[in-house]
C-alpha cells in the first residue's frame, strides 16, 4: 500500500481533478484490492492491477448515479478568484492536459505520472503498443501546441512580442 499510494493518488487526481474524490478513489481501490488479493498472481503486476481497479472505480462513479443537474438561474455566483491549485505553471500544464482528448490524455498520464512502460499501457488500455506510441507522440504534440498557444496569449496580455 505504501509503495503505490502516492502514484495511485496522482493518477486518481488526474482522472477526477478533485482532491477529496481522488483520496476516496484510492481508498476504495485498496479496499477492493484487499478483497480480491487472491486474484493477484504476481507481485510485480501489483501496480498495473491497482491502476486497473482505480480506473474501474472511477468509471463506477458515473454508472451508480445520474449526474446532478442544476438550473442555472438558481446558482449563486461567489468569489471567482482562483485557488492556489489554479495558479502557476503546474496549473497551466494541468489545464492543458485536461483539454486533451481522453484518447491522448490517458496514455500520456499513465506514462508520465504512472511510469508505465509502453507494453504496460497497451495492456491496461487494451490497444497495441504501436497505438500507445502514436497516441503518446500525438498527445505531446497537441500539448506543446496548447502550451505554445497559452504562452502567446499571456505574452499578448502583457504587451510582449
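The values are calculated or read from the model by the stated rules, or taken from the named source; none is laboratory data. If you're wondering where the values come from, they're calculated on a predicted model, not measured in any experiment. Here Cβ is always computed from backbone atoms with ideal geometry, including for glycine, and neighbour counts include all displayed protein chains.
One residue stands out in the stretch 13-45 among those that are surrounded by 12 or more Cβ atoms within 10 Å (Cβ to Cβ) and modelled with pLDDT under 80: the one that is farthest from the chain's Cα centre (by Cα), namely 40. For the condition more than 22 Å from the chain's Cα centre (by Cα), modelled with pLDDT of 75 or more and part of a helix (DSSP H, G or I), residue 49 does not qualify.
Is there a residue in the stretch 116-125 that is buried (at least 19 other Cβ atoms within 10 Å of the Cβ) and assigned to a loop (DSSP other than H, G, I, E, B)? Yes, the stretch 116-125 contains at least one residue that is buried (at least 19 other Cβ atoms within 10 Å of the Cβ) and assigned to a loop (DSSP other than H, G, I, E, B).
Only one entry of 10, 60, 55, 94 meets the criterion of being at pLDDT 70 or above, assigned to a helix (DSSP H, G or I) and farther than 27 Å from residue 142 by Cα, and that entry is 60.
Residues in the stretch 97-115 that are modelled with pLDDT of 90 or more, assigned to a helix (DSSP H, G or I) and either farther than 17 Å from residue 59 by Cα or assigned by TED's automatic domain parsing to the domain that holds residue 50 (or both): 4 in all.
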